[in-house]
Amino acid sequence: MCDTCGCSQPAEAVTFRRPGTETPAHSHDHAHPHDHDHGHDHQHEHHHDHDHSQSREVKVAQDILQQNDLLAAHNRGWFAGRGILALNLVSSPGSGKTSVLERTISDLRETVPLSVIEGDQQTLRDADRIAATGAPVLQVNTGKGCHLDAAMIQRACDELKPVPDTVLMIENVGNLVCPALFDLGEAAKVVIISVTEGDDKPLKYPTMFAAADLCLINKIDLLPHVNFDVDACEAAARQVNPKLEFVRLAATTGEGMDRWYQWLRDRRAASGGETD
Ligand SMILES: Nc1nc2c(ncn2[C@@H]2O[C@H](COP(=O)(O)OP(=O)(O)OP(=O)(O)O)[C@@H](O)[C@H]2O)c(=O)[nH]1
Ligand SMILES: [Mg+2]
C-alpha cells in the first residue's frame, strides 16, 4: 500500500519472470489480489469509525514506508558489498525508459556491463526488449501495484543474481508519483521526462524531481513539433531541487547520449567500480 494512491498489493500477487520462461519464478493464487485492510469502502461505516479508520490507514502507510526503508538500507549494503551501481529509472509512462536502456546497453556493451530489473504492472514486453539486447533481465509484474518496493528488489536480485562490479538498472513502473516514496536501495534516481509531456511537470510532481539526482530530458528530436521550453523545464526542476543535473537527449536518434554515458561512468568510478 502507498499513502499517495492507497493501492494495496499483497506480496503474493507480485510475479518475477525471465523472458522465455512460461511460468513465473514465484507463482501464486491471484484470485483475490486486493486485501481488505485499506478500508477504502466507507459506505457502510459509521462516522466515528471513519476517523479511526483514517488514522489507522496513516499508521499502516507509515509502517510500510518504515519497513521499506529498512529493506532498502539492506539492499544498499548488499549492492555496496558487491560493487554494484544500482540506478532507479523513474518517469511517467512512455517517456522512454526502456528506449534509453536499449541504446545504453548496445552502446556500452564493451565497457559497462549492465543488467536490468523491469517493473511493470503486466506483461513481459519490456523484459523481452532488454533480452533482445543480450543483457540479463528479470521482469517484475506488480499486478495492481503502481511502484516497485525494496522487498521486490531483494527478491528480484535473488533471481537475477547481478554480477559484482556491474551496473544494475531498475526500470520502475511508469508513474511520477508513488515511486518517489519508495527507496529501493539505489545509488541514485534518474528521472526521465520527454518533451511531449509539458515543461511544467517538475512543478506539478515536485516530489519525484526533488528525489532525483539526474534528469534526462528525452525525445529532443521532437522539439520542433511541440510546445516545450527546455530551459523553462530545467528552471522549474531546479526550483524543487537545486542540485539536479540535466542531460538533453533522444534515445531513438542517439543525440546527447554521450553526456548520459559520461555521467554513468563518473558515478561508477565514484562508487568504486571500473571506469573503462
Ligand atoms: N521521437 C522519439 N520517440 C522516442 C524516443 N524515446 C522513446 N521514444 C518512443 O516513445 C515510446 C515509449 O518509449 P518506451 O521506451 O517504451 O517508454 P517507457 O518509459 O519505457 O514506457 P513504460 O515502460 O510503458 O512506462 C516508444 O514508441 C518509443 O519509440 C525519442 O528519443 N524520440
Ligand atoms: Mg518501459
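The values are calculated or read from the model by the stated rules, or taken from the named source; none is laboratory data. Keep in mind it's a predicted model, so treat the numbers as computed, not measured. Ideal geometry is used to build each Cβ from the backbone, glycine not excepted, and the neighbour counts take in all protein chains shown. Just so you know, the surface numbers come from the protein's heavy atoms only, side chains and all, with ligands and any DNA or RNA stripped out. Shrake-Rupley method; radii C 1.70, N 1.55, O 1.52, S 1.80 Å.
Which of the numbered conditions does V247 fail, given that it passes all the others? Conditions: (1) in a helix (DSSP H, G or I); (2) touching a strand residue (DSSP E or B) at 6+ places or on another chain (Cβ under 6 Å); (3) of a type outside the set (F, W, Y); (4) surrounded by 18 or more Cβ atoms within 10 Å (Cβ to Cβ). Among (1) in a helix (DSSP H, G or I); (2) touching a strand residue (DSSP E or B) at 6+ places or on another chain (Cβ under 6 Å); (3) of a type outside the set (F, W, Y); (4) surrounded by 18 or more Cβ atoms within 10 Å (Cβ to Cβ), the lone unmet condition for V247 is (1). If you go through segment 106-130 and keep only what is more than 9 Å from ligand 2 (Cβ to nearest atom), open to solvent by 10 Å² or more (accessible area, probe 1.4 Å) and farther than 17 Å from T142 by Cβ, you end up with S106, D107, R109, E110, T111, P113, L114, D128. Search segment 187-211 for residues being within 15 Å of ligand 1 (Cβ to nearest atom) and closer than 20 Å to A86 by Cβ, and hand back the single one that is surrounded by the fewest Cβ atoms within 10 Å (Cβ to Cβ). Selected residue: K189.
Scanning segment 229-244 for residues being of a type in the set (A, V, I, L, M, F, W, C), surrounded by 14 or more Cβ atoms within 10 Å (Cβ to Cβ) and under 15 Å from K204 (Cα atoms) gives a total of 4. Evaluating P164 against the criteria (1) within 24 Å of R265 (Cβ to Cβ); (2) buried (at least 22 other Cβ atoms within 10 Å of the Cβ) leaves one unmet condition, (2). Restricting segment 131-151 to residues that are aliphatic (A, V, I, L, M) and open to solvent by 20 Å² or more (accessible area, probe 1.4 Å), the residue that is farthest from ligand 1 (Cβ to nearest atom) is A151.
Counting the residues of segment 107-156 that are under 14 Å from the mean Cα position of the chain (by Cα) and in a loop (DSSP other than H, G, I, E, B) gives 7. For P224, the conditions (1) crowded, with 22+ Cβ neighbours inside 10 Å; (2) in a helix (DSSP H, G or I); (3) within 15 Å of ligand 1 (Cβ to nearest atom) are fulfilled apart from (1).
For the structure I just gave you, tell me whether G119 is within 11 Å of ligand 1 (Cβ to nearest atom), out of contact with any Lys or Arg (no Cβ under 9 Å at 6 or more places or on another chain) and not polar (S, T, N, Q). Outline the logic, then answer.
Working: within 11 Å of ligand 1 (Cβ to nearest atom): yes; out of contact with any Lys or Arg (no Cβ under 9 Å at 6 or more places or on another chain): yes; not polar (S, T, N, Q): yes.
Judged against the criteria, G119 is a match.
A quick yes/no check of all residues on (1) over 12 Å from the mean Cα position of the chain (by Cα); (2) over 23 Å from A180 (Cα atoms); (3) more than 16 Å from ligand 1 (Cβ to nearest atom); (4) touching a residue at least 12 places away in the same chain (Cβ under 8 Å):
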| site | (1), (2), (3), (4) |
| --- | --- |
| L71 | yes, no, yes, yes |
| H74 | yes, no, yes, yes |
| R82 | yes, yes, yes, yes |
| L89 | no, no, no, yes |
| G94 | yes, no, no, yes |
| K97 | no, no, no, yes |
| L101 | yes, no, no, yes |
| I105 | yes, yes, no, yes |
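In segment 165-186, is there at least one residue being more than 30 Å from D229 (Cα to Cα), β-branched (V, I, T) and either under 17 Å from the mean Cα position of the chain (by Cα) or away from ligand 1 (no atom under 16 Å from the Cβ) (or both)? Within segment 165-186, one or more residues are more than 30 Å from D229 (Cα to Cα), β-branched (V, I, T) and either under 17 Å from the mean Cα position of the chain (by Cα) or away from ligand 1 (no atom under 16 Å from the Cβ) (or both).
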